[in-house]
Each structure stands twice: as structure tokens, then as C-alpha cells.
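Peer 1: Before I ask anything, here is the structure I am working with.
Values quoted throughout were computed directly from the atomic coordinates according to the rules given, and no laboratory measurement underlies them. These numbers come from a predicted model, not from an experiment. Here the Cβ is made from the backbone with ideal geometry for all residues, glycine too, and neighbour counts use every protein chain on show.
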Amino acid sequence: MKKLWMGLLAACAVSAAAQSLQDVNVFVGTERMGHTFPGAVVPFGMVQLSPDTRLVPYAMPDGSYNPEVYGYCAGYQYEDNTLFGFSHTHFSGTGHSDLGDFSLLPVKQGQSMLPGDGLDSTTGYFETFDKSSESAEPGYYTVALQRSGVQAELTASLHAGFHRYTYPIADSATLLLDMVNGIYGYEGKVLWSSIRVENDTLITGYRHVSGWARDRYVYFAASFSRPLAHYRSQKNDEVPYRGFYRRFHEDRNFPEMAGRTLRAEFTFAPSEDPLEVVFAISGVSTAGALDNLREEAMPFAQAKFLAQQQWTDVLGKIQGEFMHPADKTTFYTALYHSLLAPHVFQDVTGLYRGVDGNVHRAEGFTNLTVFSLWDTYRALHPWFNFFAPAHNRDAVLSMLAHGEQSVHHALPVWSHWANENWCMIGYHGVSVLADAEAKGMSGVDWNAALALAVSSSSWKGYDGLGAYMDQGYVPEDVVGSSVSKTLEYAYDDWCVASLAKRLTPSHNWYTGTGHPNIRLYKEYMARSAYYQNTFDPSLHWARPRFSDGRFKEDFDLLSTHNQGFIEGNAWNYSFYVPHDVPGLITAMGGESRFVARLDSLFTMDLPEEAIAHTEDVTRDGILGNYVHGNEPSHHIPYLYNWTEDRAKTQYWVRKICSDMYGPEAHGLCGNDDAGQMSAWYLFSSIGFYPVAPGSPYYELGSPLVKKASIHLENGNTLHIEAQKQSPKNVYVKEIRWNGTPVTDHRLPHLTLMQGGTLTFVMSPRPAK
């Protein structure tokens, strides 16, 4: 009776989970340039177990960049019907890539262990599948493989991927483990790899990779539900001196396999039972991977249930009512995508590999990795401060640990797996710190954080920063993308100034005593105004300058190349002054001209040649010259709030939500960038957005939801109500907080965190 009762409870729980999880479409962003993956992962899980549908090399035969690789940042494109394996690590939505570690694929015994071309079965291994046989939901993926006849199923825990392969009855079960291929792969990327057969149900190993992360170690321990019958390996590299390993037949049933181009085939005895594999990973050691395996190993069905229960719990923290079912799917899919990175990067023992290459133990926090900070400081980390502050505390403490381990004493710029990649511009780690402190994060040594913010922003060898500090702008003849760098440095400096001011005891300000933070505040506030030095007073546009003070003469407002900007042009990037919008309005020649330029930004006819050579920007993500598919523009729709035309913020926010996002595979108009695009949608859907992270305020917009109840981590509940909500009622007639009218265009974070009801009264016409 007890067993029956427990079985009924489990069945009910599974049913409830399925009902909740169906609101997420994990395939959103897998078509075109969203760069997401559909495989199995738990919230902030270290394992992202997902299919890789093509193996596109990073480089052409002549060594030049292969532009085709860009579509496979996450290893998967929705339109493909080929499959080369299920690998255990993936980025979500990035515009560059790495990872794709430890690819497993059911194969026919004895076939070639080299990857094929996806067309001719004689060229090597690959699989095909019919799209109708493929399905996925949070925490689970399945597909029928046509060549082997295997039904493949995937799920995950925090440190392990779980595979279940149902082979045709009486067939031998054979698995290929490819240690070579990875995302953005190229010849020589794998420096060394190793596989050890520990016993007939356990293997361990590692690979050492030099890619985007130039010195990356990843280890594994994998257990099988059936014993091995036999195994073989193959490597295609020739080592000049093999020593006395040459006495062994290393390619057949030899339990110690190693090489730069290593692949292995494992065969199991026939059985009617599926083959289950638990594949745990570590950034520290095979011993760490074994610790993770022992802690998390379980039957596949149990792992799937627990993974999906985690997703059910976290998605259930927001109950929303929407105008259309499509909006509901888009919203909960965005919530799902916002909870993938930064992810856990430590073993169950707390050990992790640091950016100094040494092994550390996380004390008092969970160490995280994947910091795409040029993207995520804008909305994702502010979203965590609102929705998941404990996770953001882990992120802040992980960033501080990174800074202490860094030989430059610098916070992360773009880092993953114990490596700094130096991708993109700015030192936006200071924004994450300032925003967290401004919004009340506790349990952080903020004085130590300020010290790292200062050291990060004072390193003169970093990307034109020395010239910026000396001249008040980055000269174009010193480094390229000089205007973008000046604008972003100025914002970051404002973050440092704000942090310094809030960490200064108030009596020092009143008495004028010389607290060192007062000096820092004044210094960095002065630096935060350096953006003004990029504005040409004759044009009122930001424009590149040279070391001698001259503005660039052959200047094109719409071009994205050689004009002083990165991933943008002068027209859209000139609006990047989120910390001083009144000053920006003045720099642009006053409110009338400012509003006219904003209007033109959204409505102008952008010529095709302006985006012809931009990899990250396509028509999918463009309104006029406003580029929502890339990050520098994300705050711009809210800038009308500083003018008499606040209703235009409401109009454009709703239009972007409707036009740039959707519930289908192509439903992201650009890279999701580790959750930034999704976080923008989440904030905007509930009616507010952090224009200047580091400020304690949100800018108000136009909610997409009809109602939402957000169960905050502190135990309070924030209710959002949009009265008279409809597709035509995009304008806000009135805003009330707990019944009291809100007359300002912003609300404080700490007020919302107290819980209560934020009411928007919607209208088809702008409020007078």
C-alpha cells in the first residue's frame, strides 16, 4: 500500500511538472541567431547536455575565419537533421563560443571513429533524425536516431549529464566517446586528452584545451548501467617518441588511452534494458569528477524527475496572466533562459580552479563561471538582484575572487572556466558590484570590492585606458572603437563614484573631513563626464577624435566600420550615456533635438549597406536604426522618460516586446547573450527596467502582462496589475503603488522589494 501511495504521489508530481513546464519552449532561439541550445540542464547547472547538429570548424583550410561557424555558437541549429553527438558543456546565446566537451553518440560497432560529412555513410560517424521525433522541455531532451535505431534521452543534475539509450532488441549497444571535437573546433585545439577504464562500469578522463579559454582543463567520471564487453580507441596524431608504450596494443582493450586526437568506442552486451550513462564533470580533477558522480548518480527516471521539479519550482515563483498564449510561452521561456548563466563552477566539495590556475575552495559562497559582462551587466545581473539575489551574491563573490586571483587585480571582463578571454570592452564588473550594493546586497566586503573596482579601472595597459585617463577620451589613433570605449568607461566610472559615495560615512560629507572615498568620488565623477569629450559641438553627435584633439573628418553616422564604434554606429551609440541622461540631452543640443533624434532612430530607413558586414546584427533585430538584437541600444527606448514624451517609451517598449520576441524557434532577434535579451523582456513585460545599473531606481514603461505575482526571495510578493490591458492599450494613463499615485517616471528597487501592488491603468491614447 505504501509503495502504491508513493507511486501515486510521484505520478501526480510528474503530471504537475509537465503542466507547468509546457509553458516553456526550449527551442526558442535555436533558429537563426539566438544561439541557444535545446538540451538538458538544471537552473545554473554546470552541465548543459545537448545535441551538436554540425561540426563546423572555426578556421578555413588556409587558416582564415570560417563565417559559417557563427551559426553554431551553441552547437545546434533548428533546421538541421544531422547529429554528431551529445556533448556536456554549452554556452547559451553567445556571439562567440567554446566548449562542447565530451561528445557521446550511439554508433554501429566497428564503424569509423572519424566524423563524417552528414551525407555519405562511408565518410565516418554521424546520425540523422526526423524533426517529428525530436522533443524537449526544461530538464529533458529526446530524439530517435535513424541510422542506429536508438531512442536517445537526456537529462541533467548540477554536475552530471544523464543519458538513456534504448537500442533495438538483441543489438549490441555501442557508444562513441569523442574527445576531439568541440564547438569552434580547429586542428590542435586539444593539447592532450586521456581516458582510463577504471573497471567494467566506470571510466574517467580529461582533456586540456586551448581555445577561447586558452588554458582550460575539464575532467570527467562516467558510470554505465551495464558492464563493458570490449572497447577500442583511435588517435590520429603521431607522437615522435612513444617511449615504451609501443610494446602495447593501445588501440584494443587497453585501459589507459591518451593522445591529442583521441576517440574511443565502448561496446556492451545485448540487453532489452536501455543503457544508462551518468557522466559527471569537474574543472579540478578526475577525483573531483568522481566526487560529483558519487554525490549525484541515480537512475535516469529519478534524475529527470528531480531536474524537472527544480524547473517547476523556480518557474512557479512568477504567476502571470497574459493577453495571448504566445506571450505566456515567450515570458516563461525568457525566464528559463535567464536562469542558465553564470553557472556553478565548483565540485560538491567546494573546490574549483581559479583564474590563477590554482585550486581554491569556495568558502561562504558558490563559485560561478560564464561572465559575459558587456552583455549581462545591463539587465541580467539587475534581474538577479530582483528575482534571485542569493545567486547574484554568489556571482559578486565569484567576481571578487577572480579579481584577487588575477595578476592584473582586475574584475572579470568576459570569463569562463577559469580563464579571462578579454572579449568586448569596458570594465563592467564594476557595474555589477555597484548595482548589487545599491540594491542592498549583504554579506560582501564592499570596501574590498571598491578596491578591486579602482584597480580594474586604473590599469593603464588595458585597451586605451591610459590615454583615456590622461586625455579625457580614448583617441582613435591609439586603439579602435575609441568612442564606444570612452562612453562605456565613463559609465563604469560613474559606477565606481556611486559605490565610493555610498561607502562613505555620511558625517564625512557633512563635516568635509578627508575620507579617502570622497577623493575617489570626486575623481571618478569627473571621469564619468569624459563622455562629453566625444561629442562634436558642431554636430552634437559622438565622434572619434585623435590624440591631437582633431575630430575624424571622413565621418559616417550610419557605418559600423572604422568610425570609432563597436557593434554599432554613431547614430545609435551616441545615446549611450545611461548615467547622465540630462547631460546627454544637453550634449545633443537640447530636448527638442534629442526627441527628434530618438524618433528618427526608431523610424528611419536604414540602408542595407549599413549592416552588410555586421555578423551580430540582422534585420530580425532592427527597428529603423534601433538595434534590439545587440546590447548597446537596450536602454534607449526608456530615454523618452526624461522628456515630455514619456508615452513614446511606452509605445516602443510594447512594440519591441511584440515584434522582437516570440514563442517559436526563431523567437529571438539576436544573441540571447547568456540571458541578457531574455532579462530585458522579463523586466519590460512587468513594467520597469534598470536603465543605469548602479542606480537604485527602475524606469517605468508599459507592462505586457495583465497580472503577475512575483514571489520574491525575501518572502514578500510583488503584484503587478495592468487594468484595461489590451493589445491596443499600450499607453499608461495612471500608475499607483499600493493605491498611491506615482507621479515620477521611476521607482526605487527597495520599495518594490517590500512587496505590494504596482498598478498600471492602460489606455489607447497617451496621457495628457
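Peer 1: Quick one: helix 286-296 against the long Cα principal axis of the chain, what's the angle to the nearest 10°, folded into 0 to 90?
Peer 2: 90 degrees
Peer 1: Which lysines does LYS108 reach when only Cα atoms under 28 Å apart count, and residues fewer than 8 places away in its own chain are ignored?
Peer 2: Partners within reach: LYS131, LYS189, LYS235, LYS304.
Peer 1: Which angle between 0 and 90 degrees, to the nearest 10, do you get for helix 676-686 versus the longest principal axis of the chain when only C-alpha atoms count?
Peer 2: 60 degrees
Peer 1: For the pair SER547 and ASP605, what calculated FRET efficiency results from E = 1/(1 + (r/R0)^6), where r is the Cβ-Cβ distance and R0 = 51 Å, to the nearest 0.05?
Peer 2: 0.90
Peer 1: For ASP237 and SER726, what does the FRET efficiency come to when R0 = 51 Å and r is the distance between their Cβ atoms, rounded to the nearest 0.05?
Peer 2: According to the calculation, E is roughly 0.20.
Peer 1: For the range 658-745, restrict the atom set to alpha-carbon positions and state the Rg and Dmax in Å.
Peer 2: 14.4, 42
Peer 1: Further, regarding this structure: Per 10 Å bin from zero, what fraction in whole % of the C-alpha pairs of the chain is there, up to the bin with the longest pair?
Peer 2: Per 10 Å bin, starting at 0, the Cα pair percentages come out as 3, 14, 24, 25, 19, 11, 4, 1, 0.
Peer 1: ³J(HN,Hα) across the range 704-718 via Karplus (A = 6.51, B = -1.76, C = 1.60, θ = phi - 60°), whole Hz, x for Gly/Pro?
Peer 2: Per-residue couplings from phi come out as 8, 6, 7, 8, 8, 10, 10, 8, 6, 5, 7, x, 7, 10, 9 Hz.
Peer 1: Would any residue of the range 633-660 have its amide N under 16 Å from a label point 7 Å out along Cα→Cβ of SER592? List them or say none.
Peer 2: Only 644-645 fall inside the zone, counting backbone N under 16 Å.
Peer 1: OK, next. Could you give me the percent of Cα pairs per 5 Å distance bin for the range 512-641, shortest bin first, beginning at zero and ending with the bin that holds the maximum distance?
Peer 2: 2, 10, 19, 20, 19, 14, 8, 5, 3, 2, 1, 0
Peer 1: Using 0.36 nm times the number of residues separating HIS561 and SER455, minus their current alpha carbon distance, what extension gain do you get?
Peer 2: Separation in residues times 0.36 nm, less the Cα-Cα distance, equals 35.0 nm.
Peer 1: Can you compute the modelled spin-label distance between ALA448 and ASP117, with each label point 7 Å from Cα toward Cβ, in nm?
Peer 2: For the pair ALA448/ASP117, the computed spacing is 5.7 nm.
Peer 1: Follow-up question, since we're still on this one. Which loop-located GluC sites (Glu not before Pro) does the range 553-609 contain, where loop means any DSSP state but H, G, I, E or B and the Cβ has at most 16 other Cβ atoms within 10 Å?
Peer 2: Sparse-neighbourhood loop GluC sites (Glu not before Pro): GLU553.
Peer 1: Of all chymotrypsin sites (Phe, Trp or Tyr not before Pro) in the range 230-261, which ones are in loop regions per DSSP and have a Cβ with at most 11 other Cβ atoms within 10 Å?
Peer 2: Passing sites in the range 230-261 are TYR241, PHE248.
Peer 1: Roughly how many Å is it from the Cα centre of the range 158-230 to that of the range 308-323, as a whole number?
Peer 2: 34 Å
Peer 1: Among 748-757, 221-230, 89-98, how do they line up from the highest to the lowest mean number of other beta-carbon atoms within 10 Å?
Peer 2: Ranked from most to least packed, the peptides come out as 89-98, 221-230, 748-757.
Peer 1: If each residue's Cβ is checked for other Cβ atoms within 10 Å, how do LEU339, LEU175, LEU433, LEU191 rank with the fewest at the top?
Peer 2: Listing LEU339, LEU175, LEU433, LEU191 from fewest to most nearby Cβ atoms yields LEU191, LEU175, LEU339, LEU433.
Peer 1: Let me ask another. May I ask which of LYS439/LYS724; LYS655/LYS724; LYS439/LYS706; LYS439/LYS460 have a Cα-Cα span longer than 24 Å here?
Peer 2: Going by Cα-Cα distance, LYS439/LYS724; LYS439/LYS706; LYS439/LYS460 fall outside the 24 Å limit.
Peer 1: For the range 73-204, just say rounded, prolate or oblate: build the C-alpha gyration tensor, square-root its eigenvalues into a ≥ b ≥ c, call rounded for a/c under 1.5, and beyond that prolate if a/b exceeds b/c, oblate if not.
Peer 2: It comes out rounded by the Cα gyration axes.
Peer 1: Let me ask something else about it. Residue separation times 0.36 nm, minus the C-alpha to C-alpha distance between TYR65 and TYR186: what's the value?
Peer 2: Full extension of this stretch gives 42.5 nm more.
Peer 1: Related question: Taking a ≥ b ≥ c as the square roots of the eigenvalues of the Cα gyration tensor of the range 259-404, is the shape rounded (a/c under 1.5), prolate (a/b larger than b/c) or oblate?
Peer 2: Verdict is oblate for the range 259-404.
Peer 1: Which of ILE195, LEU177, VAL56 sits closest to the plus end of the dipole of the range 34-313, meaning its Cα is farthest towards the positive end, when Lys and Arg get +1 and Asp and Glu get -1 on the C-beta?
Peer 2: The residue sitting most towards the positive pole is ILE195.
Peer 1: Still on this structure, I have one more. Using alpha carbons only, how many degrees (0 to 90, rounded to 10) separate the axis of helix 389-405 from the longest principal axis of the chain?
Peer 2: Here the helix axis deviates by roughly 80 degrees.
Peer 1: Okay, moving on. Please compute one quarter of the surface area of the Cα convex hull for the range 184-272 and express it in square nanometres.
Peer 2: In nm², the orientation-averaged hull projection of the range 184-272 is 7.1.
Peer 1: Using just the helices of the chain, give the 222 nm mean residue ellipticity in deg cm²/dmol: DSSP H runs with n ≥ 4 each add -39,500 (n - 2.57), and the total is spread over all residues, rounded to 500.
Peer 2: -8500 deg cm²/dmol
Peer 1: Also, I was wondering about something else. THR128 label point, 7 Å along Cα→Cβ, cut-off 17 Å on backbone N: hits in the range 80-112?
Peer 2: Answer for the range 80-112: 80-85, 107-108.
Peer 1: Using per-residue counts of other Cβ atoms within 10 Å, averaged over each peptide, order 30-38, 722-730 from highest down.
Peer 2: Sorting 30-38, 722-730 by mean packing, highest first, produces 30-38, 722-730.
Peer 1: Then there is this: Can you find, among TRP737, GLY259, TYR78, the residue farthest towards the positive end of the dipole of the chain? Put +1 on the C-beta of Lys and Arg, -1 on that of Asp and Glu.
Peer 2: The one lying farthest along the dipole's positive direction is TRP737.
Peer 1: Here is a further query. So how do CYS657, CYS423, CYS495, CYS669 line up by other beta-carbon neighbours within 10 Å, fewest first?
Peer 2: Lowest to highest Cβ neighbour count: CYS423, CYS657, CYS669, CYS495.
Peer 1: Please arrange ASP672, ASP130 by counting, for each residue, the other beta carbons lying within 10 Å of its beta carbon, fewest first.
Peer 2: Ascending Cβ contact count within 10 Å gives the list ASP130, ASP672.
Peer 1: Per-residue counts of other Cβ atoms within 10 Å, averaged by peptide: what ranking do you get for 679-690, 538-549, 445-456, highest first?
Peer 2: Packing order, densest peptide first, comes out as 679-690, 445-456, 538-549.
Peer 1: I need to check one value: relative contact order of the chain, counting alpha carbon pairs closer than 8 Å and at least 6 residues apart, in percent.
Peer 2: Relative contact order comes out at 12 percent.
Peer 1: What GluC sites (Glu not before Pro) does the range 221-276 have in DSSP loop regions with at most 13 other beta carbons within 10 Å?
Peer 2: Listed in order of number, the matching sites are GLU238, GLU272.
Peer 1: Here's something else I'd like to know. Mind putting a number on the dipole of the chain about its Cα centre? Charges go on the C-beta only, +1 for Lys and Arg and -1 for Asp and Glu, and I need it in Debye to the nearest 20.
Peer 2: 1660 debye
Peer 1: With the radius of gyration and the Kirkwood radius both derived from the Cα set of the range 410-553, what is their ratio Rg to Rh?
Peer 2: Taking Rg over the Kirkwood Rh, I get 1.01.
Peer 1: Here is a further query. Starting from the Cα-Cα distance between GLU295 and ASN716, subtract it from 0.36 nm times their residue separation and give me the gain in nm to one decimal.
Peer 2: 148.2 nm
Peer 1: Then there's this: Compute the FRET efficiency between GLU321 and LYS655 as 1/(1 + (r/R0)^6), taking r as their Cβ-Cβ distance and R0 = 22 Å, and round to the nearest 0.05.
Peer 2: In this case the efficiency is close to 0.55.
Peer 1: What are the equivalent ellipsoid semi-axes of the range 34-313, built from the alpha-carbon gyration tensor (square roots of five times its eigenvalues), in whole angstrom, biggest first?
Peer 2: Ellipsoid semi-axes (Å, largest first): 25, 23, 20.
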